[in-house]
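For reference, the structure discussed in these notes is given below.
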Amino acid sequence: MFIIQTEINQKTMTALARMTRKTLRRGRSGPVRMLAWFIVALELFLTTVYIRAGEGGWLVNVLLACIMLACILGEDHVNGAVGLRQVLQASRSVNASFKEDGYVHRTQAGESWWPYRQIRAIVESRDYFAFLLDRTHGQIYDKNGFSWGNSDEFRDFIQRKTGLKIQQVR
């Protein structure tokens, strides 16, 4: 049995958004991000053309490139903030117990039981484990929150229970 205590906050939700983007949503968000980087490069190229030609209007291109760059770099933070708004205040402190037949989430708002077969992907980062249930739903667990067991034993346990390979994300 494993017990993990996790506080759901902006940092954890940003990590969950990043893990989802890099795994389940990779096929959908990859081309969009590539297009966004192309637009940034195009806007910067047009800026240099305007400046070398001595034309005005180059500032608009710089602003558009900066806005697009902020969208690319802030995507996970924004998605995490939106996700955090959907989590009830009473559900932001999660105590998860992992047993042989499933796992239980306990919060101030209530208790819910989950079978391991509902997990679609398991993702691990330096600080967190995440269970991705679909493209828009996931559960995240802090590696420093183990009160029973440790992350190495948990990694082996969860792979055995789900039959899924853990995907590593930086």
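The values are calculated or read from the model by the stated rules, or taken from the named source; none is laboratory data. Because the structure is a prediction, the values reported are computed rather than measured. As a convention, Cβ positions derive from the backbone with ideal geometry for all residues, glycine included, and neighbour counts pool all protein chains shown.
Brief remarks on what is shown
- Some residue of the range 44-56 being of a type in the set (Phe, Trp, Tyr) and either within 25 Å of Ala96 (Cα to Cα) or at pLDDT below 85 (or both): no
- Taken over the range 112-166, residues that are touching a residue at least 24 places away in the same chain (Cβ under 8 Å), loosely packed, with under 14 Cβ neighbours inside 10 Å and part of a helix (DSSP H, G or I) amount to 3.
- Residue match in the range 64-83 (condition: of a type in the set (S, T, N, Q) and either over 30 Å from Glu111 (Cα atoms) or without any contact (Cβ under 8 Å) to a residue 24 or more places away in the chain (or both)): no
- Residue that is within 26 Å of Trp148 (Cα to Cα) and either surrounded by 14 or more Cβ atoms within 10 Å (Cβ to Cβ) or in contact with a helix residue (DSSP H, G or I) (Cβ under 6 Å, 6 or more places away or on another chain) (or both), where the choices are Ile72, Ile8: Ile8
- Among the candidates Asn79, Asn61, the residue that is closer than 21 Å to Leu133 by Cβ and not aliphatic (A, V, I, L, M) is uniquely Asn79.
- Check on Val87, surrounded by 16 or more Cβ atoms within 10 Å (Cβ to Cβ), of a type outside the set (Phe, Trp, Tyr), in contact (Cβ under 8 Å) with a residue 40 or more places away in the chain and assigned to a loop (DSSP other than H, G, I, E, B): yes
- Within the range 40-59, not a single residue is of a type in the set (Asp, Glu), touching a Ser or Thr at 6+ places or on another chain (Cβ under 9 Å) and surrounded by 16 or more Cβ atoms within 10 Å (Cβ to Cβ).
- Matching residues in the range 118-170 - criterion: being within 26 Å of Asn79 (Cα to Cα) and of a type in the set (D, E, K, R): Arg120, Glu124, Arg126, Asp127, Asp134, Arg135, Asp142, Lys143, Lys165, Arg170
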